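Participant: Supplied in structure tokens, the structure appears directly below.
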Amino acid sequence: MVFEALNPYQSPATADRGLLVERPLHPGTRGRLLAKGLLYRRVMLEAPIEAVVEFDGRSLYDVIRVDNQVVAWNFSWWRITPIFRFVLSAGDRSLEFVVQLHLGHFLRMKGFCIQVEGATVYAEGTFRVSA
């Protein structure tokens with residue numbers, strides 16, 4: 001019998017086939033979860049923009065990547081960043097993104113939300129509405 005050692009800090013090695021299929025939260029939006037782990041989420045957005053958004057908070061930096069390019073980061077030695085705001089250029093338009101986290105005890109992610117231009121594209125669990 002062979003046992004594999006599991007590393008909880010390793011990026012999930014799942015294929016990008018989607019763990020959960022989420023229902024559209026707003027007309028014209030669609031996103032689905034590709035991978036998740038301790039302080040880690042990878043979500044494929046299909047509308048209003050096609051992109052893979054990844055949150056990784058397992059180091060000294062909380063990092064947001066879109067299509068493997070770092071678009072936002074914050075030093076997080078003592079506190080995980082709960083909200084990221086950034087603007088992406090998509091062709092001739094600029095899109096405002098908001099990524100929100102809601103963490104519980106022992107770094108358990110209780111909620112994760114991605115908004116594009118004010119419309120919630122992906123949401124899981126509970127998350128706090130930003131002011």
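We did not get these values from a lab; they are worked out from the coordinates using the rules stated. None of the values given here were measured: they were computed from a predicted structure. Note: ideal-geometry Cβ built from the backbone for every residue, glycine included; neighbour counts use all protein chains shown.
Participant: For the stretch 29-131, place one equal point scatterer on every Cα, skip the solvent, and apply the Debye formula. What is log10 of I(q)/I(0) at q = 0.10, 0.25 Å⁻¹?
Facilitator: -0.24, -1.64
Participant: Moving to a separate point now. To the nearest 20 debye, what charge dipole does the stretch 20-125 have about its Cα centre, counting +1 at the Cβ of each Lys and Arg and -1 at the Cβ of each Asp and Glu?
Facilitator: 440 debye
Participant: Which FRET efficiency, nearest 0.05, do Arg93 and Ala47 yield, Cβ-Cβ r, R0 22 Å?
Facilitator: 0.95
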